[in-house]
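K.L.:
Please find one structure pasted underneath; my questions will follow.
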Amino acid sequence: MRNQLKHFIHGEWVESTGSETYDVINPATEEVMGTISMGTKEDLDKAVAAAKQALPSFSQTSKQERVEMLERIAEEYEKRKDDIIETITDELGSPQKISEKVHYSMGYNHFSQAAESLKDFSFMEDRGGHTVVKETIGVSGLITPWNFPTNQTSTKIASAFAAGSPVILKPAEMTPFAAIILTEIFEAAGVPKGVFNLVNGSGEVIGNGISSHPDIDFVSFTGSGAVGKKIMENASETIKNFALELGGKSPLIVLEDADVEAAARAAVNHIATNTGQVCSAATRVLVPSKMKKSFEEAVLKVLPEFPVGDPREDNLIGPLISKKQWDTVQSYIEKGVDEGASLLTGGTGKPEGLEQGYYAKPTVFTDVQNNMVIAQEEIFGPVTTIITYDTLDEAINIANETIYGLAGYVIGNDPENLRKAATGIRAGRIKVNDTEADFSAPFGGYKQSGIGREWGDYGIEEYLETKTILGFPS
């Protein structure tokens, strides 16, 4: 059992002013794995006051001081590797291989990259006798999702620290323990009092409190579009700035000259990684009509490479986060069948032999039309759709027929067609031939996938204001 009934405010673990608690469920066992306190408005006010008190001194620290602090954090983060992997495996149900390769490593890379980006970052520019200065935006409120307990949390915190912004973090209540470990890492790394504050709690109380608090200058949120709209509404009361990383329904365009088996493996990997609970996952696979049969055969061939089961065993697909999410995924599979799509594999119910835990069958629909619900709405589970096209222009049009624009993927060989597809997809991040992630490159979406960018120097920019000083040279 993991229990943390305190919040971290002004450098200390303090009792909550309320008595409400929340039981965190291990989705693989459906058993309680720990308990946290649900914060109150008073707890949040204390955290904001601590951050506000820390702002004058922390915002004036030198770039070198903040680089060294981020490097110390990365060092301490490495020391907690086993704890982080075990915790995410338990609270998220992430298979241990994914907990290490994805969740642990992404958190580490964000702190390391922020330090590197900060070294070359310029906060002052001389413009012919005048000066443009970039200063910290102020106190930042961070609201992070359950599906990546280190990735989104670490990129937001690292960017804020690099910019000299004290923060208040509200992690998702379903996966709070990775954030608690991060807090312990910051303690060990000597982060000054008040620069980092952690308040666990609900979105209704703490989330809404952050986005509407008059002493919070900036809000960074990752999550659903509905909550993103509420944050925009709350933020408008005090005209505070915000960054939103929201949902996605990303396309994967398979070109005619692509290796069919490699493309099928990439498509399956998108619904296998994190059990498909990834906002940037490619869940609309666009294949040439003449390749449809061979692609379907390839999918069925590679799917066994991604076994479903106990995350502490040698599996690559774990359970969904909760019973509620499992029910949601089941309802989408039912909708797909009702709409006339064909089930290539999978379907409703749990995989054989996995009755305990929120496991879902990896499901692939074919004969899908892009206007179907399963091709337009974010399912957030191990479900993908195969859509056929006849020309590359048609594929690009289909790819863009969505309210989202977070990511896009292209697989093939011809450089001209790769470039045409990559530039034609209206999304914030395009990956060609499943290339590795670059943590210095910006991440964020077009359209209803969000506002603003994270990662690297673009992430640091979000936590800065621009000041022009006329008549005073740098």
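K.L.:
Using a/c under 1.5 as the rounded threshold, could you call region 370-474 rounded, prolate or oblate? The axes a ≥ b ≥ c are square roots of the C-alpha gyration tensor eigenvalues, and prolate needs a/b larger than b/c, oblate otherwise.
P.N.:
Note, shape of region 370-474 comes out prolate.
K.L.:
Rounded to the nearest 20 debye, what is the charge dipole size of the chain about its Cα centre when +1 sits on each Lys and Arg Cβ and -1 on each Asp and Glu Cβ?
P.N.:
With only Lys, Arg, Asp and Glu charged at Cβ, the dipole is about 740 debye.
K.L.:
In straight Cα distance, which lysines are under 20 Å from Lys447, not counting same-chain residues fewer than 8 positions off?
P.N.:
Correct list for Lys447: Lys229, Lys230, Lys249, Lys431.
K.L.:
Could you run the Karplus curve 6.51 cos²θ - 1.76 cosθ + 1.60 with θ = phi - 60° over region 350-355 and give me ³J(HN,Hα) per residue in whole Hz, x for Gly and Pro?
P.N.:
Each residue of region 350-355 in turn: 9, x, 4, x, 10, 7 Hz.
K.L.:
Compare Trp13, Trp455, Trp146 by solvent-accessible area with a 1.4 Å probe and give them largest first, with all protein chains kept in place.
P.N.:
Trp13, Trp146, Trp455
K.L.:
At a probe size of 1.4 Å, how large is the accessible area of Thr153, to the nearest 10 Å²?
P.N.:
Number for this one is 0 Å².
K.L.:
Okay, next question. Ignoring ligands, DNA and RNA, what accessible area per residue does the chain give at 1.4 Å, in Å²?
P.N.:
Heavy-atom SASA per residue in the chain reads 40 Å².
K.L.:
Of Val260, Phe306, Gln277, which is farthest towards the positive pole of region 256-336's charge dipole, taken about the Cα centre with +1 and -1 on the beta-carbons of Lys, Arg and Asp, Glu respectively?
P.N.:
Value: Gln277.
K.L.:
What part of the accessible area of region 272-426, given as a whole %, is carbon or sulfur when the probe is 1.4 angstrom?
P.N.:
Ligands and nucleic acids excluded, carbon and sulfur give 47 percent.
K.L.:
Rounded to the nearest 500 deg cm²/dmol, what is the calculated helix-only ellipticity per residue at 222 nm for the chain, with -39500 (n - 2.57) per DSSP H run of length n ≥ 4?
P.N.:
Rounded to the nearest 500, it is -11500 deg cm²/dmol.
K.L.:
Can you list residues from other chains, or at least 5 along the same chain, whose modelled amide H is less than 5 Å from the amide H of Thr21?
P.N.:
Met38
K.L.:
Taking all protein chains in place and a 1.4 Å probe, what share, in percent, of the accessible surface of region 207-257 do carbon and sulfur account for?
P.N.:
Carbon plus sulfur share of accessible area: 54 percent.
K.L.:
5 Å is the cut-off here: which amide hydrogens, built 1.01 Å from N in the peptide plane, fall below it relative to Gly408, excluding neighbours closer than 5 in sequence?
P.N.:
Residues meeting the amide H criterion: Arg429, Ile430, Lys431.
K.L.:
Identify which of the listed values of percent of Cα pairs over 31 Å apart was calculated from the structure shown: (i) 62; (ii) 43; (iii) 48.
P.N.:
Recomputing percent of Cα pairs over 31 Å apart here picks out (ii).
K.L.:
Further question: Over region 34-139, calculate the relative contact order: mean separation of alpha carbon pairs under 8 Å at least 6 apart, over the residue count, as a percent.
P.N.:
Relative contact order for region 34-139 comes out at 32 percent.
K.L.:
Shifting gears a bit: Can you list residues from other chains, or at least 5 along the same chain, whose modelled amide H is less than 5 Å from the amide H of Thr348?
P.N.:
Answer set, sorted by chain and number: none.
K.L.:
Sequence gap at least 6, Cα distance under 8 Å: using those rules, report the relative contact order of the chain to the nearest whole percent.
P.N.:
Dividing the mean separation by the residue count of the chain yields 19 percent.
K.L.:
May I pose another question? With θ set to phi - 60° and the Karplus curve 6.51 cos²θ - 1.76 cosθ + 1.60, what are the ³J(HN,Hα) couplings of region 283-290 in order, to the nearest whole Hz, using x for Gly and Pro?
P.N.:
10, 10, 9, 9, 10, x, 3, 6
K.L.:
What accessible surface, in Å², does a 1.4 Å probe find on Tyr77, ignoring ligands, DNA and RNA and rounding to the nearest 10?
P.N.:
Its heavy atoms expose roughly 0 Å² to the probe.
K.L.:
Along the Cα→Cβ direction, 7 angstrom out, place labels at Glu15 and Ser236. What is the inter-label distance in nm?
P.N.:
4.2 nm
K.L.:
Using a 1.4 Å probe, how large is the accessible area of His270, given in Å² and rounded to the nearest 10?
P.N.:
Surface open to solvent at His270 totals about 30 Å².
K.L.:
So for the chain: antiparallel DSSP bridges make up what percent, rounded to the nearest 5?
P.N.:
45 percent
K.L.:
I've got another one for you. Between Lys229 and Asp82, what is the label-to-label distance in nm when each label sits 7 Å out along the Cα-to-Cβ direction?
P.N.:
About 4.8 nm, to one decimal.
The values are calculated or read from the model by the stated rules, or taken from the named source; none is laboratory data. In this text, all values refer to a predicted model and were calculated from it rather than measured experimentally. Please note: Cβ atoms are built from the backbone with ideal geometry, for glycine as well, and neighbour counts cover all protein chains shown. Surface accessibility is based on the protein's heavy atoms, side chains included, excluding ligands, DNA and RNA. Shrake-Rupley method; radii C 1.70, N 1.55, O 1.52, S 1.80 Å.
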